[in-house]
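Visitor: Handing you this structure, nothing more for now.
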Amino acid sequence: MTVRWSGEWALEPPPEEPVVDVLIPSFGRPAELAVTLAGLAGQEGPAFRVILSDQTEGEAAIRQPAVRAMVRVLEAQGRPVRLERHLPRRGLAEHRNFLLGLASAPSVLFLDNDVWLEPGSLDRMSRALQAAGCGFVGSAVQGLSYLDDSRPHERSAFELWPGNEVRPERIRPGTDGFARWPLHNAANLAHAAAELAVPPGEWRLYHVAWVGGCVLFDRRALVDCGGFEFWDRLPLGHAGEDVAAQWRVMERYGGAGIIPSGAVHLEAPTTVVDRDTDAAREILGQ
C-alpha cells in the first residue's frame, strides 16, 4: 500500500505499471519546468512515470523549490519521478537518446520543459495512438498570445486523416507534405479546433510535416527506426533532431497530429541558440 494525494491523504493500492514514460530533456528555465510538471500533475490517466534529465550548468533546475514541490506532488499522486543530471552536454539528439534509453513503458512522450498540458491531454493522446496504431501522435504547442491573430492562409494545408486511419508517408523538403509546416505557427491549431467543433473527449487526427514540443511515440516503433542513435554523427550545435526521428517513423509506421491539441507553449525565449546544423538534412541526406 502507498499513501496517495488526491485532495486528501488516503491509503491507495500500489500504482499501476506505467503505460507512458514522460521524457523531459531540460536546460535552464526552472520556472517553466515547474509549470510543465504542474500540467502533468493535472492529468488523470493513463498511468505514467516522469523521467526528467537536467543539463542546466551551475545550480541545477531540478533543485529549485518550485520544481521540487511539483515533483513531490507527482510522487504523492503515485506517479514515479526519476531525476537525472546528464552532463556534459553533447547536443539535443544525445540528450534525447539518453532519455529514450531509460524508458521501458510501451509509449514515450517527449515533452519540452516549456509546455503546459491541459487536463485530459495525455489520456486523449494515448487513446488516439492506440486506436490509430501508428508510430506517433503529436500535440502541436499553441502560443495563446496569438488567439486574436487568426491566419487562415497558414491553415490551408490542414487535412484530416479520414476515419483517423493513419498511413505511412514520406516527408522531405520539396514534397507536398513539407508545406504543412506553417500549420503549427502561432495559435493555428486552436483556431482550427474552434472551426471543427470536436465534441468533448473526442479527437481528430490530421496530416503533419512534423510536430515539435509534445510527441507521444510508440516506443518500439521509435526504437525500431533508430531513435536518436544518430546523435554521434552531429556536432554539438544542431537542431531538427526531432524532425529526423519523426520522418523516419512516419515512413515506416505513420505519424499524425491530434486536434484539439491541449498543449500550451509558455512562450519563453528559446534555449537552443546554436542551430548551425540541420539534423534532418544531415542525417537523411537532404
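All of the numbers you see were taken from the coordinates with simple rules; none came from a lab. Values in this document were obtained by computation on a predicted structure and should not be read as measured data. Don't worry about glycine lacking a Cβ; one is built from the backbone with ideal geometry, like all the others, and counts go over all protein chains shown.
Visitor: Tell me whether the range 120-219 comes out rounded, prolate or oblate; compute the Cα gyration tensor, take square roots of the eigenvalues as a ≥ b ≥ c, and use a/c under 1.5 as the rounded threshold.
Guide: It is oblate, given that a/c is not under 1.5 and a/b is not larger than b/c.
Visitor: Would you mind pulling out the separation of the Cα centroids of the range 149-186 and the range 189-216, in Å?
Guide: Between the Cα centres of the range 149-186 and the range 189-216 lies a distance of 11 Å.
Visitor: For R63 paired with R82, estimate the spin-label separation in nm (one decimal), with each label point 7 Å from Cα along the Cα-to-Cβ line.
Guide: Here the modelled spin labels are 2.3 nm apart.
Visitor: What number in nm² do you get for the range 150-270 if you take the convex hull of its Cα atoms and divide its surface by four?
Guide: With the hull built on Cα positions only, its mean projection is 8.8 nm².
Visitor: Next up: Please work out the ratio of the alpha-carbon Rg of the range 1-153 to 2.2 N^0.38 Å and round it to two decimals.
Guide: 1.09
Visitor: Just rank C134, C225, fewest to most, by other beta-carbon atoms within 10 angstrom.
Guide: Arranged by neighbour count, lowest to highest, C134, C225 become C225, C134.
Visitor: Considering the values [x] 49; [y] 63; [z] 44, which represents percent of Cα pairs over 24 Å apart as calculated for the structure under consideration?
Guide: [x]
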